[in-house]
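First comes the structure, then the notes that go with it.
The values are calculated or read from the model by the stated rules, or taken from the named source; none is laboratory data. No experiment lies behind these values; they were computed from the predicted model shown. When we count neighbours, we look across all protein chains shown, and the Cβ atoms used for this are built from the backbone with ideal geometry, even at glycine.
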Amino acid sequence: MAADPPAQGTRRTAGWWRRRSLRFRLTAVASAVLALALAVSAYVMIGVLGQALLTTIDDAIYQRARDTVSLADAGRLPGEMTTPDGTLLQVIDAWGRITHATTGTDRLVPLLDPGERAAAIAKGRGRFLDGGPYGIPHVLRVRVLSADHGRTVIAARPFGEVETSLSTAGHVLVVGTPLLLVLLAGASWVIIGRTLRPIASLRRGAEEITDTARSRRLPVPEARDEVHSLATTLNDMLARLEKADARQRALVSDAAHELRSPLASIRLQLEVALGHPEGQDWRETAEGVLEDTLRLARLAEDLLALARLDERGGTPGRGEPVELDQLIPQTAERYGEAVTVSVAGAPARWPEARETGEKDEANGGEGTIVVTGDALDLGRVLVNLVDNALRHTTAPVRIELRTEGADAVLTVTDDGPGIPEPDRERVFDRFTRLDSARSRDEGGAGLGLAIVRETVNAHGGAVHLEDASPGLRAVVRLPLS
Ligand SMILES: Nc1ncnc2c1ncn2[C@@H]1O[C@H](COP(=O)(O)OP(=O)(O)O)[C@@H](O)[C@H]1O
Ligand SMILES: [Mg+2]
């Protein structure tokens, strides 16, 4: 039931650590690594220094011992031995008596007993010896060599000076290392703080945007570093959001505007009818109201279609194979004699022919012009284009479908007044109408072509308007699947 106390403690420490600032954590980690590195190097340095000093002493006492052995072998040992560096010497004969010794050295007791002497000679290296029993207040470093006639030479030197050097070096390091560490930690703290400053100013910038909603860009640091690219990327994102926001606002206000006139018209008709019920032609009123209601319904439908397109963010609603050579004649059927349809150069067979089983031989078989996407949406593209064309044309509207390379090309041509070149792109914008007030009643809210373009783009295609002299031709290209 109760949590394991050590595990709990670890978790609490981890939580505490995560709550610290990035600056603190970076500095702490850098300092810890530095401390470890400094400690290791101090340890290695003391070791190397000690080893070097030991080697120096060993070399010196070996040299003294060798010289003494040479003198002894030559029988030229002086009665009073002295050494300039304070090395102690004892020469011991085969019977264990000290025959010569440096001044001040014990002449009765050898520093090492016979067994130790033999072992030291066999080892051939220096060894440590406590100087206490011989009245020397230091540890001694001792080297033993054998000479002729069973004699032995012992050379010894106090190790104290080395210990002093080492402890001096140790003291310097014990005081210096933490000082150095504090200095370096301070420098890290300052440098890291300076590095993080642009991030802090980004944060402040973001805060200002939220607070005032006026300045809409983050401060971009001068240095061309990661923070710079972060700031520019965020600013690009803000710009996109701002644009989307503005578009959304415009859409809402345009939509509200478009809703107002049919609603006002309905209200007026109903108020007049109710205000003067006597002699009122209720049928006429109902027809007027119905017409306005249909306009409202069409507008709602168009807005919904646009909202769906926005929602899908540039992809078709479905990804099914759509046989355009079937879909286009089927959709055009409802217009009857007002349109002519030709598929891949030949006049399209009407659906009745298909129902009797003669399957599109004239079009080169079934499903030859297939694109991937949403049949309902693509049908709406044709309907929107034909509706526009019918409003302006005098002759039947021509619908043509053919393939061109890897594309299916659908054209809708009328012989109306067309659209002047400078307006041919603009009419694809939402709520853009060019019609005069007279013909406006028939048209929609100016969303038809916007829906066409966004649908076609979502299917990976393109649409444009061109001059058909006389009239206008809408050209839709869709990639074949
Ligand atoms: N075939 C055409 N001939 C002339 N003008 C056209 C044609 N098609 C579209 N337009 C112009 O483009 C405008 C935008 O068309 P559209 O987006 O379908 O809106 P709406 O049909 O609701 O007016 C129309 O108002 C009209 O002025
Ligand atoms: Mg239209």
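Identify, from the list 238, 251, the residue that is in contact (Cβ under 8 Å) with a residue 24 or more places away in the chain and closer than 27 Å to residue 202 by Cα.
238
Working only within the range 468-481, note down all residues that are within 11 Å of ligand 1 (Cβ to nearest atom) and either at pLDDT below 95 or crowded, with 21+ Cβ neighbours inside 10 Å (or both).
468, 470, 471, 472, 474
Identify all residues within the range 57-83 that are under 22 Å from residue 158 (Cβ atoms) and either surrounded by fewer than 11 Cβ atoms within 10 Å (Cβ to Cβ) or acidic (Asp, Glu) (or both); write none if there are none.
58, 59, 67, 80 - these are the residues of the range 57-83 that are under 22 Å from residue 158 (Cβ atoms) and either surrounded by fewer than 11 Cβ atoms within 10 Å (Cβ to Cβ) or acidic (Asp, Glu) (or both).
Of 209, 191, 199, which residue is surrounded by 12 or more Cβ atoms within 10 Å (Cβ to Cβ), at pLDDT 90 or above and part of a helix (DSSP H, G or I)? Steps first, please.
Values: 209 fails: at pLDDT 90 or above; 199 fails: at pLDDT 90 or above.
Unique residue meeting the criteria: 191.
For the subset of the range 143-185 comprising residues that are of a type in the set (S, T, N, Q) and in contact with a Ser or Thr (Cβ under 7 Å, 6 or more places away or on another chain), which member is nearest to residue 123 (Cα to Cα)?
Out of the qualifying residues, it is 146.
Kindly check whether there is at least one residue in the range 368-385 that is on the phi > 0 side of the Ramachandran plot, modelled with pLDDT under 90 and out of contact with any Pro (no Cβ under 7 Å at 6 or more places or on another chain).
Within the range 368-385, not a single residue is on the phi > 0 side of the Ramachandran plot, modelled with pLDDT under 90 and out of contact with any Pro (no Cβ under 7 Å at 6 or more places or on another chain).
All but one of (1) surrounded by fewer than 22 Cβ atoms within 10 Å (Cβ to Cβ); (2) at pLDDT 95 or above hold for residue 414; state the number of the condition that does not hold.
The single condition residue 414 does not satisfy is (1).
Only one of (1) in contact with a helix residue (DSSP H, G or I) (Cβ under 7 Å, 6 or more places away or on another chain); (2) part of a strand (DSSP E or B) fails for residue 111. Which number is that?
Unmet condition: (2).
Name the residue, out of 300, 256, 250, that is more than 17 Å from residue 455 (Cα to Cα), exposed (fewer than 11 other Cβ atoms within 10 Å of the Cβ) and under 46 Å from the mean Cα position of the chain (by Cα).
Answer to the check: 256.
Criterion first (touching a residue at least 60 places away in the same chain (Cβ under 8 Å), part of a loop (DSSP other than H, G, I, E, B), in the same structural domain as residue 66 (by TED's automatic domain parsing) and more than 25 Å from residue 51 (Cβ to Cβ)) does residue 106 satisfy it?
No, not satisfied.
Scanning for something within 30 Å of residue 131 (Cβ to Cβ) and of a type outside the set (A, V, I, L, M, F, W, C), does the range 25-48 turn up at least one residue? Explain how you work it out, then say what you get.
Quick first cut of the range 25-48, residues within 30 Å of residue 131 (Cβ to Cβ) only: 42-48.
Still in the running and of a type outside the set (A, V, I, L, M, F, W, C): 43, 47.
Yes, the range 25-48 has at least one match.
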